[in-house]
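Contents: one structure, followed by commentary.
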Amino acid sequence: MHILFGGSFDPVHNGHLASAEAVRQLLQASCVTLLPTARSPLKPEVTANHHRLAMLRAALMDYPALAIDERELRRPPPSYTVDTLRELRLELGSELPLVWVIGADTLCGLAQWKDWQALTQLAHLLVIERPGYCTPSTTAVDAWLRTQTPRRKQRSATMPSQRFVAADCITAATVFFHRNTPTT
């Protein structure tokens, strides 16, 4: 299983680290890879890439089970998650479970992303709920979520067979959308 936690990490904070570690423990994985985004077309200017990378490296010194993937920082802007997931799917093959972790605040704006509905064709989508942040309110995201066949389950130790799982994760809940394998 390959787990990626994407974000701007501007700045990286304890919530990022605790969430990444909780996801690692929840899925019983040996590692979670943090993937700092380059210049997102949806966010205002961020701190320079080399500064965010240095902060992330310093923050991870006490977290040996967390790693960094710098690929998006090396890519010319703008950077799109779907392109990263397609690249990773080619590298990892179609069988290895790939989990993409985002915060609930990100899910709320998902309909603005490039090819956002293809995300669960490429990876499992794990969304960490954050107190004070909305659930998706756009008609497009709501409709898409309904196609993910929601089912609830507490604390899954392995990759769930359902497309959607809610599991306790430290003090926050985690929503999990199982990868949809495209049919041809």
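Rule-based calculations on the coordinates, nothing more; no lab input. Computed from a predicted structure; not experimentally measured. Counting neighbours? That spans all protein chains shown, and the Cβs are built from the backbone with ideal geometry, glycine included.
A Förster distance of 22 Å, applied to the separation of the beta-carbon atoms of ARG89 and ASP142, puts the FRET efficiency at 0.25.
Rounded to the nearest Hz, the phi-derived 3J(HN,Hα) couplings of region 99-113 under the Karplus curve 6.51 cos²θ - 1.76 cosθ + 1.60 (θ = phi - 60°) are 10, 9, 9, 9, x, 4, 4, 6, 4, 4, x, 4, 5, 8, 6, where x marks glycine and proline.
Find, to one decimal place in angstroms, the Kirkwood hydrodynamic radius of region 45-103, where the mean of 1/r is taken over every pair of different Cα atoms and then inverted. Please list the in-between numbers first.
On the way: mean 1/r = 0.0743 Å⁻¹.
In region 45-103 this quantity evaluates to 13.5 Å.
Only Cα sites of region 1-99 enter the Debye sum here, all with the same form factor; the resulting log10 I(q)/I(0) across q = 0.23, 0.24 1/Å is -1.29, -1.35, listed in q order.
Across region 51-61, rounded Karplus estimates of 3J(HN,Hα) from the backbone phi angles (6.51 cos²θ - 1.76 cosθ + 1.60, θ = phi - 60°) give 6, 5, 5, 5, 5, 5, 4, 5, 5, 8, 4 Hz, Gly and Pro being marked x.
How big is the equivalent ellipsoid of region 1-52 along its three axes, where each semi-axis is √(5λ) from the Cα gyration tensor, reported in whole Å from largest to smallest?
Details: eigenvalues 112, 25, 15 Å².
Whole-Å semi-axes of the equivalent ellipsoid: 24, 11, 9.
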